[in-house]
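The values are calculated or read from the model by the stated rules, or taken from the named source; none is laboratory data. Just so it is clear, the model here is predicted, and its values are computed rather than measured. Note that we place each Cβ from the backbone using ideal geometry, even for glycine, and neighbour counts take in every protein chain shown. Note: areas computed on protein heavy atoms with side chains; ligands, DNA, RNA excluded. Shrake-Rupley method; radii C 1.70, N 1.55, O 1.52, S 1.80 Å.
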Amino acid sequence: MSVQSLARDVREFLEGRVRSKDLDIPWWAPLLSAAGLVAMVTVAVLQREASGEMVLAGLVITVPSLSLFFIPNTGEWLKHHVWVVDVVPTLAGSAWLMSQPATGFWPQHDFAPAVLVPLTLEMVVREGFRTGTLYAVASAVVMGVFATDTPSGVGVHFLLLFVGWILGLLILAQMRALRAERLARSQEHARATEAERTRIAREIHDLVGHSLSITLLHLTAARRAVAEGDDPDEAVSALTEAETIGRRAMTEIRRTIGVLSADGAGTAPLPGAADVVRLVEEGRSAGQTITFSSAGDLSRIDAGVGLGIYRILQESLANAIRHAPGAPVSVSLAVADGVRLSVQNPLVGARRGAGVSVGEGSGLAGMAARAEQLRGRLSAGAEETMWKVDLVIPPHCLVRKVLG
């Protein structure tokens, strides 16, 4: 095994252990912490001439602390009994070390009390504020009982212990802030993804609904012409028109998905206010009687607002063709200080007197959502014998300002 492969395996192992402990720290942080703890314990043991008893005390300190992190699959029992498997052994081992005076090298600076500093920091980061603080208090008690004769003074070690506790709290706070930020980003991404899916679904719904309504009218006309056998050319013309509209719908669906998708593929512009005339002509060619009037300069309407107006009219015509085939439809589009779109047709069959309003059905809900995005006001429902759709968009929301 090469050195690079070994280093990669070590890094993957440590990253896995960090994730398993639900810690937002770099993979190398526990490695440095373990190295520091082992170094301090080793020095403390050597200061006591490395007797077998002191070596055992050092192992009592290091093995439980390192095993909880570096040994995989420690199990749920160890996770919920950290006091038994980590806190008590490390405190007992530290007390054992401090119970023997430092007589070896550099005796004026005893490392035994300082061993509790990285242990306290690690406990705060790994187990949280409550357990970490209790461990710091217990460590201070152990110091006060067993480290009173240290040459450097117990006050210095109390100060170091306090610093370790504070650093642990800072790292813990940073981890929680990072976790909260990641959660917020994840939730925002989920909301944006859902909104984009809804928007794409609404676009496809409008496209398919309108195109199918027009196509079905042409197919109905072709069926009647074939059944009656009077004018085969009329049947061919109706089928040709249905095919043309179907192909156009497929092209527009691909274009819509391309424009709305994340990769931004697709270069053709989406339809706008100027394309409402084509919608009206498609309905007329399918046999629906549609009167259309417009006032003002449609080019003043912003592209995004124009797309919303186009889709609302598209859904309105599709509904009229679906629920009142052959009935006259009146469409008016006016651009002045703002924009107003009105569509109305007679109520036929089940819709007469039903009183359906905005919010009932996916098509009407989609129209209402589009109007809300445009900061406009939409009303759709039955009024006496007519079904009316009325969209009003204020000027500050949608009209493109013409310079000069």
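A straight chain from ALA201 to GLU243 at 0.36 nm per residue would run longer than the Cα-Cα distance by 12.8 nm. A simple spin-label model places the labels of ARG278 and ALA92 8.3 nm from each other, with each point 7 Å out along Cα-to-Cβ.
PHE292 contributes about 60 Å² of solvent-accessible surface, heavy atoms of the protein only, 1.4 Å probe. Backbone geometry of the range 342-347 corresponds, through the Karplus equation with coefficients 6.51, -1.76 and 1.60 at θ = phi - 60°, to 3J(HN,Hα) couplings of 10, 9, 8, 8, x, 6 Hz, x marking Gly and Pro. Near ARG126: Cβ cut-off under 10 Å, other residues only, Lys/Arg at +1 and Asp/Glu at -1. The net charge is -3.
Reducing the range 1-55 and the range 279-351 to their Cα centroids gives an inter-centroid distance of 72 Å. These residues, TRP165, TRP28, go from largest to smallest accessible area, 1.4 Å probe, as TRP28, TRP165. Surface calculation, 1.4 Å probe, protein heavy atoms: VAL339 sits at approximately 10 Å² accessible.
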